[in-house]
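These notes are about the structure you will find just below.
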Amino acid sequence: MNNLMRRAQNVQLWRKYCVKQYTTEAASAALSRGKPNYDEFIAGRQVQAQRSIVVQVSSEKSYSELYNYCSRFGSIVGAHHYCVRHDDDLHYILLEYSTAHEAAAAIDSGATNGDLSGVPVRSPFLWFKAAPGKRGPKLAPNNNNNIHHPPPSGLQSVDGTRQLDQEALLSQLRGAESIEQQVQLLHRHTQLNDLGVRMRFLAALQVQQAISGMFPAAQAHPFGSSVNGFGKMGCDLDLILRFDGETGGRKQSNGEPPSRLIYHTKENLSNGRSQTQRHMECFGDMLHLFLPGVCHVRRILQARVPIIKYHHEHLNLEVDLSMSNLSGFYMSELLYMFGEIDPRVRPLTFSIRRWAQACGLTNPSPGRWISNFSLTCLVMYFLQQLRQPILPTIGALVKAAEATDVRVTEDGINCTFGRDLERVGFQSRNTSSLSELLLQFFEFYSQFDFHNRAISLNEGRQLSKPDHSAMYIVNPLEQLLNVSKNVSLEECERVRIEVRNAAWILESEVENSSLPQSERQEETWGLLNLFKHPEKAIIRPNMFFKPRMVEVSDLFEEKHQQLQSTIGPASTGGAVAAAAPSVAYKNVSVRQQVQSIKAATRTELKQLRGSSSATAAPSPSTKNRRSR
């Protein structure tokens, strides 16, 4: 009974959090202020998604005709064009109406495609059919990827999701006046833009609306890099789907007593994890069979956090959907707050992530290397431990929490911390520039004792490592877990080597940053040299690891052929042995020992063969066995 009551209290806390509904005016005002808190940011973006539709068109030139047609449903306040590139370029325009009711009217006016045999589904993803007897305008092919035409009148962006190619980005960085400006330019040109955020909230809204008939309180919340401010262009979307959003919450918040009419609910008799897996398998089928644009659905249900992965072809977006990752949702809120505390946090993190990608420390696929999240935690801890800290510890945020900040997940994880930055009262006196902080980051971790020490963002200090993991970063919300447990010993050593190399490179770049800009245009400088990974590293990992003296596999390679050569005729034995493939030894003394052993063995074999031929004794192999 106590467990049931505790679970009900946790669910009620989540309901109180989700029931915070903002009016259109309030949410828009929060976004227009420039620095909304996390709740205001999420609510404002959800309102934008409810006011928006995505229409597939022939090209951006179709905007005028589309605008004239769609204006009959309401006032259009924004329009963004983007392109999805497959075999053919597919063009889309995102239209934002002034109210959600007007967007719903546009969606409800849609007709079904009689040429297709699929089940028609109501969705904010539509396509604009050409007028009878009229062909839609087509966009002339553009072979130069770096040329961007000015937007047509009314469009706020054309090809708004195109990422700046590598050469154009390097050209921008090369033309900067200082390393400080390079860091800012890198952040500006690679961060997830406004259109990218809008598209991700539309993907969440599509899932939420698809199940709203049976689950009217269900909510699909984006989390992770899409919303925490650390996402780059093209990043994946993480979604958490909840079914207990706001049932009964609004009436209680208005001072009315709880309803005496209670829904009948089908009780789950199995354990929570297996039930979640069955639910997700069912929703995976629904996504695959019915939702427009959803394809390549993969169910990964045996993971610690079961997820459904799919691709959205109308948004060119990879999506990870879960139902039980509330700690990840609250971790996104924590990182969002860190990014809002100081304007240097996100540009610095972007530069360090880019450096790690350039030198091969991070990898898009999961494995033994450090992840972007672990790397971000390293940046956050570095900013906490400075003599004049730029970020507060999580413990300080927890002390500033009030009753309204209490968050406890269904599995008992305490995610409570102060959400109001003004109430936290943290003020940084650190005036270091971005270039100085970048150099200090590399110098700090080049001397960090990963072998014996763990990193705690909760306390903002080093701790004794509780186990033998190569790298230990305490999970900020689940403090019994290590977020970098996957990192191998070799990869941890590579991190230390690469940060030392980067410190040496950046230190010389800071000293040479006083060169005139005209001279810099002819050569790489600043961050460009930091991102240019040399073929021969300044420091090699084998300087710290004890290398193997000889590879065991090399000793036994082609052992059958070598055995035949040693027992062959005496006249050819030496030639065959000499022709045997040579072994590359890693230690000179071992090579000499092996060669002396081989020479002694060959001498003994010759003596055995000579004695066998003189006495007409049994075969050499038999004599060898007897001699042993």
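The values are calculated or read from the model by the stated rules, or taken from the named source; none is laboratory data. Computed from a prediction, not measured in an experiment: that's the story for all the values here. Cβ atoms come from the backbone with ideal geometry, glycine included; neighbour counts cover every protein chain shown. These accessible areas exclude ligands, DNA and RNA; they are computed on the full protein's heavy atoms, side chains included. Shrake-Rupley method; radii C 1.70, N 1.55, O 1.52, S 1.80 Å.
For the peptides 302-309, 592-599, the ranking by mean Cβ contacts within 10 Å, running from highest to lowest, is 302-309, 592-599. All Cα-Cα separations within the stretch 75-121 were binned at 10 Å from zero, giving a P(r) of 21, 32, 40, 7, each value a whole percent of the pairs.
Between D449 and A599, residue separation times 0.36 nm minus the direct Cα-Cα distance comes to 49.3 nm. Sorting 166-172, 199-205, 362-368, 35-41 by their mean Cβ neighbour count within 10 Å, with the most densely packed peptide first, gives 199-205, 35-41, 166-172, 362-368. Working out 0.36 nm times the residue gap between H296 and V406, then minus their Cα-Cα distance, what length gain in nm do you get to one decimal? Length gained between H296 and V406: 35.8 nm. Per-residue Karplus couplings for the stretch 416-421, computed as 6.51 cos²θ - 1.76 cosθ + 1.60 with θ equal to phi - 60°, are listed in order as 8, 7, x, 8, 9, 5 Hz, Gly and Pro entered as x. A simple spin-label model places pseudo-atoms 7 Å from Cα toward Cβ; at L463 and D342 they are separated by 2.3 nm.
Taking all Cα pairs closer than 8 Å and separated by 6 or more residues, the relative contact order of the stretch 403-479 comes to 23 percent.
Please work out whether the stretch 365-500 counts as rounded, prolate or oblate from its C-alpha gyration tensor, where a ≥ b ≥ c are the square roots of the eigenvalues and a/c under 1.5 means rounded, while otherwise a/b larger than b/c means prolate and anything else oblate? Taking the square roots of the gyration eigenvalues as a ≥ b ≥ c, the stretch 365-500 is oblate.
Each principal axis of the stretch 321-384 carries a Cα extent, and these read 33, 30, 17 Å when sorted largest first.
Within the stretch 47-137, the ratio Rg/Rh, alpha carbon atoms throughout and Rh by Kirkwood, equals 0.95. Computed with every protein chain present, the accessible area of Y67 is close to 80 Å² [probe 1.4 Å]. Using the Cβ-Cβ distance between R188 and K61 with R0 set to 35 Å, the FRET efficiency from 1/(1 + (r/R0)^6) comes to roughly 0.75.
Structure note, pairs K35/K232; K35/K532; K35/K399; K61/K129; K35/K309: Cα-Cα distances above 26 angstrom occur for K35/K532; K35/K309.
Principal axis extents of the Cα atoms in the stretch 309-440, from largest to smallest and rounded to whole angstrom, are 45, 41, 30. Modelled spin-label separation between C282 and V121, with each label point placed 7 Å from Cα along the Cα-to-Cβ direction: 1.7 nm. Among residues other than L291 with Cβ under 12 Å from its Cβ, the summed charge is -1 (Lys and Arg +1, Asp and Glu -1).
Modelled label positions at K532 and A131, each set 7 Å beyond Cα in the direction of Cβ, lie 5.6 nm from each other. Across the stretch 481-488, rounded Karplus estimates of 3J(HN,Hα) from the backbone phi angles (6.51 cos²θ - 1.76 cosθ + 1.60, θ = phi - 60°) give 10, 10, 6, 10, 5, 6, 6, 7 Hz, Gly and Pro being marked x.
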